[in-house]
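Worksheet for the structure shown next.
The values are calculated or read from the model by the stated rules, or taken from the named source; none is laboratory data. Please read these numbers as outputs of a predicted model, since none were measured by experiment. Here the Cβ positions follow ideal geometry from the backbone for every residue, glycine too, while neighbour counts run over all protein chains shown. Just so you know, the surface numbers come from the protein's heavy atoms only, side chains and all, with ligands and any DNA or RNA stripped out. Shrake-Rupley method; radii C 1.70, N 1.55, O 1.52, S 1.80 Å.
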Number of protein chains: 2
Amino acid sequence: MSTLGKCIDLLLTRRSVRKFKKEPIDMNTILRILDIARWAPSAKNLQPWEFIIIMDRNTLRDLGSLAFATRPLINAGAAVAVVVDPSLAPITYLVDGACTTMYILLAAHALGLGAVWINALRYQDEIRKILNIPSDKVPISVVALGWPAETPSPKPRKKLKDLVHIEKYGKKLKY
Amino acid sequence: MSTLGKCIDLLLTRRSVRKFKKEPIDMNTILRILDIARWAPSAKNLQPWEFIIIMDRNTLRDLGSLAFATRPLINAGAAVAVVVDPSLAPITYLVDGACTTMYILLAAHALGLGAVWINALRYQDEIRKILNIPSDKVPISVVALGWPAETPSPKPRKKLKDLVHIEKYGKKLKY
């Protein structure tokens, strides 16, 4: 198998990690991840994204206290908020922002870091206030990052045959 | 460097490939890609996605004739339409669908296939009609797949320092 062929494991072994060791992450590691995330695809290559690196413990605690789902941020080594610009890419800003977030998760995994995607769309106003994000920009995700203190088992997935249609919607795969 | 560490190349060497060789892609290869795409993350692990595998040349030509941007489908070996369900994941169906599309692109690249993400959101109604997709489901992407007949150079990307804020939006990185 080719070198890249072995990289299918990168996709299959990524997990959402929510428990982190106390060791900090250095800024250069985070910048390396974002330097990879720059290379995510986007519609018309518009790259309608920006990143906020958060290492301040008070800010992480404020973000982590918003809801049950944001709690992994409280003990994260750092976080990255992905902010997108609807005026730059009105139809695709959400999918573009998802692609660069996906790159952050995979790059973190490649470097041995744990990460979990915190859905920021549900708490846009609160996150805007904490991070001083202008009202015309959309925080799509906050990725909690840290050295993993757990190795989660894979979550169940729907079966391939229940997801696949052949040629037209409704013609299910038979095998 | 670890095995997964080498996989950063998977992320950095992916390109949008729009020219394909005439050789067909066999169904098992496409199923293998979708079997990987199942493992993309989604909010609350809801997996609000389905896939339509398209190999019929008439259907590929109909999809490819919709607009300039869809033209790579005409000569693609096959295509996969990603369809998402807003009723299942009202806030996150677009980002979830983007994640599994990203997995399709990366899995195809790992297997040596070329691929390009065709934005389906602009042509939802036309694509629904061609593929018999119910009106309550959203075609988010159509991925054109084929053995690559071009090796595109990397497209330019914005500079890291222009994308990164430190702690709060507006505090730019200095280095």
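Any cysteines in the protein assembly as shown with zero other Cys Cβ atoms under 4.7 Å from their Cβ? List them, or say none.
If one checks each Cβ against the other cysteines of the protein assembly as shown, A:CYS99, B:CYS99 turn up with nothing under 4.7 Å.
For A:VAL143, enumerate residues with amide H under 5 Å from its amide H, sequence gap 5+ or separate chain, H modeled in the peptide plane.
Long-range HN contacts for A:VAL143: A:VAL80, A:ALA81, A:VAL82, A:ILE118.
Just the accessible area per residue of the protein assembly as shown, please: how many Å² with a 1.4 Å probe?
That works out to 43 Å² for each residue.
Go ahead and run the numbers for FRET between A:ASP56 and B:LEU88, Cβ-Cβ distance against an R0 of 35 Å, rounding to 0.05.
0.45
Any idea how far apart B:SER135 and A:ASN28 come out in nm if each label point goes 7 Å out from Cα toward Cβ?
So the two model labels end up 5.9 nm from each other.
Within 10 Å of each Cβ of A:10-21, how many other protein chain Cβ atoms are there on average?
3
Could you let me know the centre-to-centre spacing of segment B:44-71 and segment A:36-102, using Cα atoms, in angstrom?
Cα centres, segment B:44-71 to segment A:36-102: 28 Å.
Which trypsin sites (Lys or Arg not before Pro) from segment A:123-175 combine a DSSP loop assignment with at most 16 other Cβ atoms within 10 Å?
Answer in residue order: A:ARG157, A:LYS158, A:LYS159, A:LYS168, A:LYS171, A:LYS174.
Using a 10 Å cut-off on Cβ to Cβ distances, tally the other chain neighbours for every residue of B:110-118 and report the average as a whole number.
3
Residue-wise, which Karplus ³J(HN,Hα) couplings in Hz belong to segment B:38-50, taking 6.51 cos²θ - 1.76 cosθ + 1.60, θ = phi - 60°, and x for glycine or proline?
Karplus values, whole Hz, x for Gly and Pro: 3, 8, 4, x, 8, 4, 6, 6, 6, 6, x, 10, 9.
What does the extension gain come out to for B:THR3 and B:LYS155, with contour length at 0.36 nm per residue minus their alpha carbon separation?
52.0 nm
Output ³J(HN,Hα) for segment B:78-86: one whole-Hz value per residue in order, computed from phi by the Karplus curve 6.51 cos²θ - 1.76 cosθ + 1.60 with θ = phi - 60°, and x for Gly and Pro.
Values, residue by residue: 6, 8, 10, 8, 9, 10, 10, 10, x Hz.
Leaving ligands and nucleic acids out of the surface, order A:ASP26, A:ASP96 by accessible area at 1.4 Å, largest first.
A:ASP26, A:ASP96
Quote the FRET efficiency, to the nearest 0.05, computed for A:LEU12 versus A:LYS171 with a Förster distance R0 of 22 Å and r equal to the Cβ-Cβ distance.
Efficiency computed from Cβ-Cβ geometry: 0.20.
Report, in debye and to the nearest 20, how large the dipole of segment A:17-151 comes out about its Cα centre when Lys and Arg carry +1 and Asp and Glu carry -1 on their Cβ.
300
Taking a cut-off of 27 Å between Cα atoms, list the lysines near A:LYS158, but don't count ones fewer than 8 places away on the same chain.
A:LYS158 reaches A:LYS6, A:LYS19, A:LYS168, A:LYS171, A:LYS172, A:LYS174, B:LYS44, B:LYS129, B:LYS137.
Mind checking B:88-96 for the average number of partner chain beta-carbons within 10 Å of each residue's beta-carbon?
Partner Cβ neighbours, averaged per residue: 4.
Do you know the relative contact order of chain B, to the nearest whole percent, from alpha carbon pairs under 8 angstrom that are 6+ apart?
Dividing the mean separation by the residue count of chain B yields 29 percent.
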